[in-house]
1. A 29 angstrom limit on the alpha carbon distance is what I want to check against. Which of Lys38/Lys174; Lys10/Lys163; Lys174/Lys205 exceed it?
2. Viscosity 0.692 mPa s, temperature 37 °C: what is the translational diffusion coefficient of the chain from Stokes-Einstein with a Kirkwood Rh over Cα pairs, rounded to a whole number of µm²/s?
3. How far is helix 194-203 tilted off the main Cα axis of the chain, in degrees rounded to 10, range 0 to 90?
4. Which is farthest toward the positive dipole end of region 2-222 among Leu4, Gly218, Thr58, measuring Cα position about the Cα centre, with Cβ charges +1 (Lys, Arg) and -1 (Asp, Glu)?
5. Please list 76-88, 115-127 highest first by mean number of surrounding beta-carbon atoms within 10 Å per residue.
6. Could you tell me the calculated FRET efficiency between Val235 and His12, based on Cβ-Cβ distance and R0 = 25 angstrom, to the nearest 0.05?
7. Given the peptides 210-223, 144-157, arrange them by the average over their residues of other C-beta atoms within 10 Å, most packed first.
8. Express in nm, to one decimal, how much length is gained between Met1 and Asp207 on full extension, taking 0.36 nm for each residue of separation and deducting their alpha carbon distance.
Amino acid sequence: MRDLVNLYFKGHNVVNHHVASFNDFLATEGNPNSRMQKIVDEVSVQADGTDRGIIRITPDKDSREGMNLIIRVGRSRGHDGKIELQSPPTIHVGTTEQSDMSGYRGPVITEADGSETPLTPMEARLRNLNSCSPVFVDFTVDQAESAETPLENAELIATETVKVCDLPIMVKSKGCSLDRDVVTRSLQLESITDEEYDNYLRSQKEDPRDPGGYFIVGGTERVLITLEDLAPNRVLVERNKKN
């Protein structure tokens, strides 16, 4: 049994499920159908859940001024209401163009002079900083004749990419500066050997044996712990028999 366990952990680390789950969530070039994108695709302000991925703004009923606007944040949908998978993603992490991740180097920090510099996990620990990357969303604004006008019949009037938040980045995930692919791009190499990768980690004051799987918030390492709840969102009260 011990041999089987040792064989398993030669190819998988103990926090692999943490890193794999976060990579599936993260909107990166190699993950166009990320969970972040799916959340944006399903945004709806309608009580019945219609108009997913868009927000309708209508003039005040008591006012004759204003326009009927349709703000699209999700990917385009076909006439059947399904996402057009060939349409480009509308949410990006660390860059305004998800199709071009060649310049992505991981989390950044805005210095006092307004300049942005790469932020390594060790620097975040020493300076008590949050290891985060900016999140951008593509907004498309269309003008409609009425509140019932379909999106395909509306007139495009503006497009803009807006930063919506800063997302904590899990150490050793696809969005981290210590990720193997990110390191390879940083060194401007086509590939990198295990020895070269370990040497790079040591140069960044990191332990090559550190599996990652945690966040750095305020300079402190924090990890999400799975908890099995008997009754979610319910308070359980038991009578103390001794009293």
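1. Lys10/Lys163
2. The estimated diffusion coefficient comes to 154 µm²/s.
3. 90 degrees
4. My answer, from the dipole projection, is Leu4.
5. Output ranking for 76-88, 115-127: 115-127, 76-88.
6. Rounded to the nearest 0.05, the efficiency is 0.10.
7. The packing order, highest mean first, is 210-223, 144-157.
8. 71.3 nm
Here, each number is a calculation from the coordinates, and none is a lab measurement. Keep in mind that this is a model prediction, so the values were computed, not measured. Glycine also receives a Cβ, built like all others from the backbone with ideal geometry; neighbour counts cover every protein chain displayed.
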